[in-house]
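Visitor: Below you'll find the structure I mean.
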Amino acid sequence: MLFEHRLSTPRETFYDITAQVQSSVAAAQIKEGLALVYCPHTTAGITINEMADPAVISDLLLALERSFPDRPEFKHAEGNSKAHLKASVMGSSASVIIEKGQLLLGTWQGIFFCEFDPPRSRKYYVKIIGQ
Amino acid sequence: MLFEHRLSTPRETFYDITAQVQSSVAAAQIKEGLALVYCPHTTAGITINEMADPAVISDLLLALERSFPDRPEFKHAEGNSKAHLKASVMGSSASVIIEKGQLLLGTWQGIFFCEFDPPRSRKYYVKIIGQ
Amino acid sequence: MLFEHRLSTPRETFYDITAQVQSSVAAAQIKEGLALVYCPHTTAGITINEMADPAVISDLLLALERSFPDRPEFKHAEGNSKAHLKASVMGSSASVIIEKGQLLLGTWQGIFFCEFDPPRSRKYYVKIIGQ
């Protein structure tokens, strides 16, 4: 089963999509399996990290900007090469186990859509396999 | 099939869990499929890298610390934001192919649980799908 | 179904393997499922990023080199620790959804084999699951 979700991303941040992914798992009526959360864009990604304290996300954004800054040598005409790099560093997808019809996340884990080149109209897919 | 493993992590390093993951594959009696090794924590991750020379792991740890240092601007009250970042950079899971009842790893590859916020009592899951 | 592909990598760059992966999907005659593209080497990885402008790739390579440089403290005797790090940062695999017998990639996405320790004779696997 394949689900598509849309979101608009006014600024560079991590958008918590956990509840939406869980809604797809519920709709699929799968008890045990895997969910692949996939980002079809090249300047955005998917990661799993803490959903409880928003300061974690703002710290991650600040640190990613420092570790992967814009560089004068970049040649890509769109000028968003650092966004492409951050996307590959976070990754284009995250896999989550489904158990008893639920995402088997850790206590503090959430699933995030990482926007690195805002503002955009984005989408992501949730592919569910299992029984 | 879903397996849970526990480990204690006295220090910040990569713990080789390859044999434990292989034991889950053997217990599952799957001949062909996939194994998802999943970390349910937000300051630890999973990666695949060289298992032969321990200097590779110590070099990776040193380099991760240099590339993703603590920063005075961090606001997360627990003070472990760099561990959250390293976790997302390494990733929350690794997928490995199962072929002939074995993990299809490269000659030098091992599977590692990456602890970035020690000491902890941790766990990870191995989800196996296939036939 | 499991497919193995070989490539030679004369220099440090990202090699576009999208068409080869798609050819495995076609050969598998799977309509809906997942493809795991897996690198069995420890100084190379797999990522998904833009395939349209080669400047994106050259910018990514330059930025990875700056963010993850060689360091005099490295102890691994082979002297390629930065390649091991870049490999773990990009990741050992990428998962792609298969829909209607095709890889469900975004408009600008391609699948890349990332060589960080050239020149080499390399291989990668494509594991396909589904119906």
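Visitor: Collect the residues in segment A:45-59 that are under 21 Å from A:ILE97 (Cβ atoms) and within 7 Å of chain B (Cβ to nearest Cβ), keeping them in residue-number order. Quick ask: steps written out before the conclusion?
Guide: First, the residues of segment A:45-59 that are under 21 Å from A:ILE97 (Cβ atoms): A:45-52.
A:THR47, A:ILE48, A:ASN49, A:GLU50, listed by residue number.
Visitor: Being touching a Gly at 6+ places or on another chain (Cβ under 8 Å) and either assigned to a loop (DSSP other than H, G, I, E, B) or free of Cβ contacts under 8 Å to residues at least 60 places away in the same chain (or both) narrows it down to one of A:PRO40, A:PRO72, so name that one. Please lay out each step first, then the result.
Guide: Working: A:PRO72 fails: touching a Gly at 6+ places or on another chain (Cβ under 8 Å).
Exactly one residue qualifies, and that residue is A:PRO40.
Visitor: Of these, C:ALA87, C:ALA26, C:ALA19, which one is among the small types (Gly, Ala, Ser) and within 21 Å of A:GLY45 (Cα to Cα)?
Guide: It is C:ALA87.
Visitor: Return the residue satisfying two criteria in turn: it lies in segment A:76-91 and is among the small types (Gly, Ala, Ser) and open to solvent by 20 Å² or more (accessible area, probe 1.4 Å), and of such residues it is farthest from A:PHE116 (Cα to Cα).
Guide: Selected residue: A:ALA77.
Visitor: Just name the residue that is farthest from the other protein chains (Cβ to nearest Cβ) out of those in segment A:94-129 that are in a strand (DSSP E or B), small (Gly, Ala, Ser) and open to solvent by less than 50 Å² (accessible area, probe 1.4 Å).
Guide: Ranking the candidates gives A:GLY110 first.
Visitor: Taking segment C:29-39 on its own, how many of its residues are facing chain B (nearest Cβ under 10 Å) and either small (Gly, Ala, Ser) or open to solvent by 10 Å² or more (accessible area, probe 1.4 Å) (or both)?
Guide: Here the count works out to 1.
Visitor: For segment C:51-63, does any single residue satisfy the condition of being open to solvent by less than 10 Å² (accessible area, probe 1.4 Å), under 15 Å from A:HIS84 (Cβ atoms) and touching a strand residue (DSSP E or B) at 6+ places or on another chain (Cβ under 8 Å)?
Guide: For segment C:51-63, residues open to solvent by less than 10 Å² (accessible area, probe 1.4 Å), under 15 Å from A:HIS84 (Cβ atoms) and touching a strand residue (DSSP E or B) at 6+ places or on another chain (Cβ under 8 Å): present.
Visitor: Which of the residues that make up segment A:71-93 are more than 7 Å from chain C (Cβ to nearest Cβ) and touching a Leu at 6+ places or on another chain (Cβ under 7 Å)?
Guide: Scanning segment A:71-93 gives a single hit, A:LYS86.
The values are calculated or read from the model by the stated rules, or taken from the named source; none is laboratory data. Treat the numbers as computed from the prediction; the structure is a model and nothing was measured. A quick note on method: Cβ atoms are made from the backbone with ideal geometry, for glycine too, and the neighbour counts reach across all protein chains shown. Remember, those area values only see protein heavy atoms, side chains included, never the ligands or the DNA or RNA. Shrake-Rupley method; radii C 1.70, N 1.55, O 1.52, S 1.80 Å.
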